[in-house]
Amino acid sequence: MPRLQDKTAIVTGSTSGIGLGTAKLFAKEGAKVVVCGRRKENGEAVVREIREAGGEAFYQFVDLTKEDTIEELFKATEEKYGKIDILINNASNVGLPDGKVDEVSMKMFDDIIETDLRGTFYMIKTVLPYMTKNHSGSIVNIGSMASLGGDLGATAYACAKSGVDMLTQHVALQYGKQGIRCNCVRPGLIVTPQNEPHIPDAVKKIFLNNICVERYGCPEDIGYLCLYLASDEASYVTGQCMTVDGGMNTHVPTVGEFKNLGARTW
């Protein structure tokens, strides 16, 4: 039997990238999938692809900065499928300008917090009544390895994703006894058809030199962990923040440089 048979799953930001890969995988595993995001044409194309492969899906517009669209998303899902079993909070606004603390304007900071943290918070807040009613649900937040340490830029983004980590643990603790699990997946460098043209070769080289395996990540690498966490197989797994980065954060930060020198770490 497919791993998500008879389950209804909402995957935000599923019009491209990680969300698209996850939505297609969930549909393949038997879930009724709600494809949602701001790009209607892209979303409807994903729905067609899922249906042509024998899956079940529909598209719903949602903007994480517009509370009414979030409320309508859950209402429309319950009206069509009768319940909500899974929520994948994947949508975020990584394209916003960001930088060092003195470079980030308050508007930049507020815009990133609004989409990547506040939007995730309101998604969870709004879905909880639907899940508690059924005493069942799995929420998976897509965080980032940016929350694991300081960096030379992306300050607001890292702060937002760090907030998602803590939000995950609070939801897991507060609603676990009501049958709701909440986990977080932190992707490393995930190369997609949409972002690959914008990733400089120098950046790819730096990452690949520090990754423990022989390739970059792809959307399915995140999708398969989301699949496990969303399924009944993970019924004893909650409150966890799991990093999927090819092992980049498993070693001391000087490994890449010493590797270039052909030497072992000092």
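Details
Here's the yes/no breakdown for (1) modelled with pLDDT of 95 or more; (2) outside any loop (DSSP other than H, G, I, E, B):
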residue	(1), (2)
5	yes, no
20	yes, yes
49	yes, yes
76	yes, yes
108	no, yes
115	no, yes
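- Checked across the stretch 233-242, the condition of being exposed (fewer than 15 other Cβ atoms within 10 Å of the Cβ), modelled with pLDDT of 95 or more and either in contact with a Lys or Arg (Cβ under 6 Å, 6 or more places away or on another chain) or acidic (Asp, Glu) (or both) holds for at least one residue.
- Selection over the stretch 54-75 of residues that are more than 17 Å from residue 15 (Cα to Cα) and without any contact (Cβ under 8 Å) to a residue 40 or more places away in the chain gives a count of 5.
- Scanning the stretch 224-257 for residues that are under 22 Å from residue 14 (Cβ atoms), among the polar types (S, T, N, Q) and in a helix (DSSP H, G or I) turns up nothing.
- Criterion violated by residue 194 - all others in (1) within 23 Å of residue 10 (Cα to Cα); (2) of a type outside the set (Phe, Trp, Tyr); (3) surrounded by 15 or more Cβ atoms within 10 Å (Cβ to Cβ) satisfied: (3)
- Looking only at the stretch 92-106, and only at residues there that are charged (D, E, K, R) and surrounded by 11 or more Cβ atoms within 10 Å (Cβ to Cβ), the one that is modelled with the lowest pLDDT: 98
- Whichever residue in the stretch 122-148 is assigned to a helix (DSSP H, G or I), surrounded by fewer than 16 Cβ atoms within 10 Å (Cβ to Cβ) and in contact (Cβ under 8 Å) with a residue 40 or more places away in the chain and, among such residues, is farthest from the chain's Cα centre (by Cα): 134
- In the stretch 32-44, residue farthest from residue 84 (Cα to Cα) [restricted to those that are assigned to a helix (DSSP H, G or I) and in contact (Cβ under 8 Å) with a residue 24 or more places away in the chain]: 42
- Hey, residue 222 farther than 23 Å from residue 24 by Cβ and surrounded by 15 or more Cβ atoms within 10 Å (Cβ to Cβ) or not: no
- Test result for residue 44, out of contact with any Ser or Thr (no Cβ under 7 Å at 6 or more places or on another chain) and surrounded by fewer than 20 Cβ atoms within 10 Å (Cβ to Cβ): yes
- For beta carbons closer than 9 Å, sequence separation of 6+ or different chains, a first residue in the stretch 202-225 that is closer than 15 Å to residue 192 by Cβ and a second that is surrounded by fewer than 18 Cβ atoms within 10 Å (Cβ to Cβ) and among the basic types (Lys, Arg), the qualifying pairs are 216/204.
- Listed conditions (1) in contact (Cβ under 8 Å) with a residue 40 or more places away in the chain; (2) out of contact with any Pro (no Cβ under 8 Å at 6 or more places or on another chain); (3) closer than 24 Å to residue 229 by Cα; (4) hydroxyl-bearing (Ser, Thr, Tyr) are all met by residue 15, apart from (1).
- Checked against (1) under 16 Å from the mean Cα position of the chain (by Cα); (2) assigned to a loop (DSSP other than H, G, I, E, B); (3) at negative phi, residue 221 meets all criteria but (2).
Table: residues versus (1) crowded, with 22+ Cβ neighbours inside 10 Å; (2) in contact with a Cys (Cβ under 8 Å, 6 or more places away or on another chain); (3) part of a strand (DSSP E or B).
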| position | (1), (2), (3) |
| --- | --- |
| 150 | no, no, no |
| 156 | yes, no, no |
| 165 | no, yes, no |
| 171 | yes, yes, no |
| 174 | no, no, no |
| 182 | yes, no, yes |
| 185 | yes, yes, yes |
| 203 | no, no, no |
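The values are calculated or read from the model by the stated rules, or taken from the named source; none is laboratory data. On a predicted model such as this, the values are computed, not experimentally measured, just so you know. Note: ideal-geometry Cβ built from the backbone for every residue, glycine included; neighbour counts use all protein chains shown.
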